[in-house]
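The values are calculated or read from the model by the stated rules, or taken from the named source; none is laboratory data. Model, not experiment: these values are computed from the prediction. Cβ sites come from the backbone with ideal geometry, for glycine too, and all protein chains shown count toward neighbours. Keep in mind that these areas ignore ligands, DNA and RNA; they rest on the heavy atoms of the full protein, side chains included. Shrake-Rupley method; radii C 1.70, N 1.55, O 1.52, S 1.80 Å.
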Amino acid sequence: MPFQPVTAIPYGRQRITEEDIEAVAATLRSDFLTQGPKVAEFEEKFAAYIGAKYAVAVSNGTAALHLCALALNVQPGQRVITTPITFAASANCVRYCGGEVHFADIDPTTALIDLRLVRKLLESHPKGYFHGLIPVDFAGLPVNLEEARQLADEFGLWIIEDACHAPGGFFRDSTGREQRCGNGQLADLAIFSFHPVKHIATGEGGMITTNRADLYEQLLVLRTHGITKDPAKMHRHDGGWYMEMQTLGYNYRISDILTALGISQLARADAGLTRRRQLAARYDATFASVPAVRPLAAAPGHAYHLYVIQVADRKGLYDFLRTRQIFAQVHYIPVHTMPYYQELGWQLGDFPQAEAYYDHCLSIPLFPALTDEEQQYVIDCIVEFVGA
Ligand SMILES: *Cc1c(COP(=O)(O)O)cnc(C)c1O
């Protein structure tokens, strides 16, 4: 009897253990549901894991992006470059502040923003025309931030690294040093998400990492209504109750309940990453002899949030897999083709590599709890459809 999945196999899924549940229950029994000790503990442990000086936990990855744009003082009309192959939030954070989103096309072998095209774009305008760059470690493959930093320094840009797909990912810089995604060495700010499909799940949740003390201080204030309680920073001091709202901030806080889950999940992050890489290596080895299936480029520091293949008949394969209880997904519909961005003037045909990639890409199941048996079933179904 061939293997039949008991429930549908999604492209990604969280893993919640009894320890996770116990950690959350313990917080529910404690004095603090929010803004207690767990938020700070999660920040410290996450910063240590990533190798950054500072971490600021927030309500979700999109809020993290918004706060980064605010801390970098994005102003109406300022121009920021990102990739069309990302979740819309990477671009939207610029729009929240009234800035203009520009795109550079992807490198088709990696689906990452093509830094050579970023250079071309920068060189075709006067210096000062663009203000920032938001590269995305798409699927978990780290962008070469050393090259991005060189461009940023040359053209006066800041960098927000969208590392939502890549906690634990790294690339080797020109000196051979391992540069972990979000470590604050090259980007001004980096952001992560703890949505259930990401490596570390808190339900909703996000994190900003940085090595810049000035930005860190601003993020803390912006996260909580623009309020400071630090007497040293106040204009006056009326008494023990006194606090000052000094800038327009938001409530982008995360709770102790959620960060208790995050701390528990973080303890298993490396094990999860190892399993993701193992599963990806098996897909790579298998598809190497299936010419109809083209995976994206592999790399030792790949964090494998997604495993993306490209096939001729993507819609056919997607529909076929659904009949077999395999729920693959498409990442992403190019941002510049979304009606909102089309209204802003972007058109189909503007970024041909991103559009060609979109026509053929499919993210197939990859998550730590995926069993070998389930993975074999996924492989068999794909090979059945495309032909060996
Ligand atoms: C998930 C994700 C976000 C947004 O995170 P949320 O926590 O869902 O708001 C931003 N960018 C990328 C690349 C993502 O994958």
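Among the residues of region 150-164, what is the count of those that are closer than 11 Å to A303 by Cβ and open to solvent by less than 10 Å² (accessible area, probe 1.4 Å)? Give the steps one after another, and end with the answer.
Applying the first criterion (closer than 11 Å to A303 by Cβ) to region 150-164 yields 163-164.
Retained after the next criterion (residues that are open to solvent by less than 10 Å² (accessible area, probe 1.4 Å)): 163.
Of the residues in region 150-164, 1 are closer than 11 Å to A303 by Cβ and open to solvent by less than 10 Å² (accessible area, probe 1.4 Å).
Which of the residues belonging to region 221-257 are within 30 Å of I21 (Cβ to Cβ) and part of a loop (DSSP other than H, G, I, E, B)? I'd like the intermediate steps shown before the answer.
Let us first name the residues in region 221-257 that are within 30 Å of I21 (Cβ to Cβ), namely 223-224, 251-257.
The answer is Y252, R253, I254.
Hey, P126 hits all of (1) open to solvent by 30 Å² or more (accessible area, probe 1.4 Å); (2) without any contact (Cβ under 8 Å) to a residue 40 or more places away in the chain; (3) in contact with an Asp or Glu (Cβ under 6 Å, 6 or more places away or on another chain) but one; which does it fall short on?
Failed condition: (3).
Would you check if there is a residue in region 306-314 being of a type in the set (G, A, S) and buried (at least 17 other Cβ atoms within 10 Å of the Cβ)?
no
Restricting attention to region 91-115, report how many residues are within 17 Å of the chain's Cα centre (by Cα) and over 22 Å from G61 (Cα atoms).
Qualifying residue count for the region: 2.
Just the residues that are touching a residue at least 40 places away in the same chain (Cβ under 8 Å) and more than 14 Å from the ligand (Cβ to nearest atom), please, taken from region 62-74. Even if it seems obvious, please write down each step before you answer.
We begin by selecting, within region 62-74, every residue touching a residue at least 40 places away in the same chain (Cβ under 8 Å); these are 62-72, 74.
L70, A71, L72, V74 - these are the residues of region 62-74 that are touching a residue at least 40 places away in the same chain (Cβ under 8 Å) and more than 14 Å from the ligand (Cβ to nearest atom).
If the requirement is being touching a Gly at 6+ places or on another chain (Cβ under 6 Å) and in the same structural domain as V308 (by TED's automatic domain parsing), which of these qualifies: F367, F320?
F367
Of all residues in region 204-214, count the ones that are surrounded by fewer than 22 Cβ atoms within 10 Å (Cβ to Cβ) and more than 10 Å from the ligand (Cβ to nearest atom). Don't jump to the end; show me each part of the working.
Initially, region 204-214 is screened for residues surrounded by fewer than 22 Cβ atoms within 10 Å (Cβ to Cβ), giving 204, 211-214.
Right, trim to more than 10 Å from the ligand (Cβ to nearest atom) and you get 211-214.
Final tally of qualifying residues: 4.
Looking only at region 105-121, count every residue that is in contact (Cβ under 8 Å) with a residue 40 or more places away in the chain, open to solvent by less than 60 Å² (accessible area, probe 1.4 Å) and either of a type outside the set (S, T, N, Q) or in contact with a helix residue (DSSP H, G or I) (Cβ under 6 Å, 6 or more places away or on another chain) (or both) and tell me the total. Spell out how you get there, then give the answer.
Going through region 105-121, the residues in contact (Cβ under 8 Å) with a residue 40 or more places away in the chain turn out to be 105-111, 114, 121.
Those left that are additionally open to solvent by less than 60 Å² (accessible area, probe 1.4 Å): 105-107, 110-111, 114, 121.
Then keep just the ones that are either of a type outside the set (S, T, N, Q) or in contact with a helix residue (DSSP H, G or I) (Cβ under 6 Å, 6 or more places away or on another chain) (or both); that gives 105-107, 111, 114, 121.
So the count comes out to 6.
With region 10-82 as the region, which helices (runs of 4 or more DSSP H) entirely inside it contain at least 3 residues that are open to solvent by 60 Å² or more (accessible area, probe 1.4 Å) and closer than 30 Å to F138 by Cα?
37-50
In region 180-197, is there at least one residue being open to solvent by 70 Å² or more (accessible area, probe 1.4 Å), modelled with pLDDT of 95 or more, within 12 Å of the ligand (Cβ to nearest atom) and outside the structural domain of R275 (by TED's automatic domain parsing)?
Yes, there is a match, as at least one residue in region 180-197 is open to solvent by 70 Å² or more (accessible area, probe 1.4 Å), modelled with pLDDT of 95 or more, within 12 Å of the ligand (Cβ to nearest atom) and outside the structural domain of R275 (by TED's automatic domain parsing).
Is it true that some residue in region 232-247 is within 16 Å of the ligand (Cβ to nearest atom) and modelled with pLDDT of 95 or more? Steps first, answer last, please.
Filtering region 232-247 for residues within 16 Å of the ligand (Cβ to nearest atom) gives none.
Looking for residues that are within 16 Å of the ligand (Cβ to nearest atom) and modelled with pLDDT of 95 or more, one finds none in region 232-247, hence no.
I'm checking my understanding of the structure. Among residues of region 83-106 that are within 15 Å of the ligand (Cβ to nearest atom) and part of a strand (DSSP E or B), which one is farthest from Y332 (Cα to Cα)? Write out each step before concluding.
First pass over region 83-106, keeping only residues within 15 Å of the ligand (Cβ to nearest atom): 83-96, 101, 103, 106.
Applying the additional criterion that residues be part of a strand (DSSP E or B) yields 101, 103, 106.
Working: V101: 17, F103: 15, I106: 12 Å.
The qualifying residue farthest from Y332 (Cα to Cα) is V101.
Would you check which residues across region 146-162 are in contact (Cβ under 8 Å) with a residue 40 or more places away in the chain and within 16 Å of the ligand (Cβ to nearest atom) and list them?
Of everything in region 146-162, those that are in contact (Cβ under 8 Å) with a residue 40 or more places away in the chain and within 16 Å of the ligand (Cβ to nearest atom) turn out to be I160, D162.
Tell me, please, whether a residue that is outside the structural domain of I382 (by TED's automatic domain parsing), more than 29 Å from Y307 (Cβ to Cβ), crowded, with 19+ Cβ neighbours inside 10 Å and in contact with a Leu (Cβ under 9 Å, 6 or more places away or on another chain) can be found in region 230-247.
If we filter region 230-247 for residues that are outside the structural domain of I382 (by TED's automatic domain parsing), which is where we start, we get 230-247.
Filter once more, keeping what is more than 29 Å from Y307 (Cβ to Cβ): 230-247.
Filter once more, so that each one left must be crowded, with 19+ Cβ neighbours inside 10 Å: none.
No, the conditions are met nowhere in region 230-247.
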